[in-house]
1. Roughly what would the spin-label model give for Lys229 and Ser258, points 7 Å off Cα along C-beta, in nm?
2. With label points built 7 Å along Cα→Cβ from the Cα atoms of Arg94 and Arg220, find their separation and express it in nm.
3. Given a 1.4 angstrom probe, what's the average accessible area per residue across the chain, in square angstrom?
4. Using θ = phi - 60° and the Karplus relation 6.51 cos²θ - 1.76 cosθ + 1.60, list the HN-Hα couplings for the stretch 41-50 in order, rounded to whole Hz, with x at every Gly or Pro.
5. Along the stretch 178-186, what does the Karplus equation 6.51 cos²θ - 1.76 cosθ + 1.60 (θ = phi - 60°) give for ³J(HN,Hα), rounded to whole Hz, x for Gly and Pro?
6. May I ask you to give the percent of accessible area on the stretch 1-126 that is carbon plus sulfur, with a probe radius of 1.4 Å?
7. Cβ neighbours within 10 Å, averaged per peptide: list 48-54, 27-33 in order, most packed at the top.
8. Would you kindly derive the ³J(HN,Hα) couplings of the stretch 160-177 from the backbone phi angles with the Karplus curve 6.51 cos²θ - 1.76 cosθ + 1.60 (θ = phi - 60°), listing them in order in whole Hz, with x for Gly and Pro?
Amino acid sequence: MRAPDFWRRRGLVGGLLAPLGALYGATVAFKARRAKPFEAGIPVLCVGNLTAGGSGKTPVAIAIAEMLRAKGHKPYFLTRGYGGSERGPALASRGHNAQVMGDEALLLARTAPTIVARDRAAGARLAREKGATIIVMDDGHQNFALRKDMSLVVVDAETGFGNGYQIPAGPLREPVAQGLARADAVVLIGSERSEDGRAAVHSDSVWTRQGGTPDLAGFRGPVLRAHLKPEGAAFADKPVFAFAGIGRPEKFVASLESSGATVTGSCFFADHHPYEENEILQLKAVAGDAILVTTEKDFVRLTTSQREGIRVLKVSAAFDEPAVLGGLLDSIAPRP
């Protein structure tokens, strides 16, 4: 499902659901207290978030794995495989389909070996047996089955924490202070403007919502800045029709526009949406003479026949100060 509009700002619906949200957050705290994390025997770096979907953690995880590889490490991704039927632990490959492994696993597997495992401890064992020197968890900040050597929390700098409520009242998976207490660093990704155009991130790295409530108050760890960078200029000055089934499809459209494309229209679906043949045919008809473009994550969910005539906009996470990130990685995984 797509995030409801009331998650964006405070209102009656969110307020009525807030008690349920508080209960949801309490279950995360309960699991954290009761957990007996497995020790993997190799460094574990978790790239997670505090909200449901769309923060940009997968591109961040990919950028981190590429940096680790450049430092001589053998990183393995570990993911739950959301949207797929595989329980694992199993090694994903480009030959698998998204219905089995999940779209994020297939996307990650293009960069480094990727293990899908509902049981993160079992997945970590397999990664170590396969020769991994470090594990990069894509998501898992609220999973306590595996001991983490470092936890990075990715925050969308445009939407932040929405209305500040927890699921189902808002987008938060747990209270902000609770989640940040387990974080070693925060990655702010995207623009530093809120929806009304006001500055959202201040020079002291403390983020306040429109109402003045501190979102990152009390967090004094490193705050890294990154942005999504479209790769190439294949769509510059060309008409394109965009479609996507991701957490925040508006970010995809913005990336297309920043690449120089003229977006003539768009169609959005629920996150991890499995495309039917008739939907793709309708999209191709509506696009007309415009180039039909989607995201990498959507593209891996398409069948071979569905992909015909559809182009992909590739984006990567670029860090403003990569040396700072490099120093953090060296602190848990020194160069071999």
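1. In this crude spin-label approximation the distance works out to 1.1 nm.
2. 4.8 nm
3. Using a 1.4 Å probe on heavy atoms only, each residue of the chain averages 45 Å².
4. Values, residue by residue: x, 9, x, 10, 10, 9, 10, x, 8, 10 Hz.
5. Per residue, the Karplus-derived 3J(HN,Hα) values read 5, x, 5, 5, 9, 8, 8, 7, 10 Hz.
6. Here carbon and sulfur together make up 57 percent of the probe-accessible area.
7. 48-54, 27-33
8. x, 10, x, 7, x, 9, 9, 3, x, 6, x, x, 5, 8, 6, x, 4, 4
The values are calculated or read from the model by the stated rules, or taken from the named source; none is laboratory data. This is a predicted model, so every value here is computed, not measured. Positions of Cβ are generated from backbone atoms using ideal geometry, with glycine treated the same way; all protein chains shown enter the neighbour counts. What goes into the accessible areas is simple: the full protein's heavy atoms, side chains included, and nothing from ligands, DNA or RNA. Shrake-Rupley method; radii C 1.70, N 1.55, O 1.52, S 1.80 Å.
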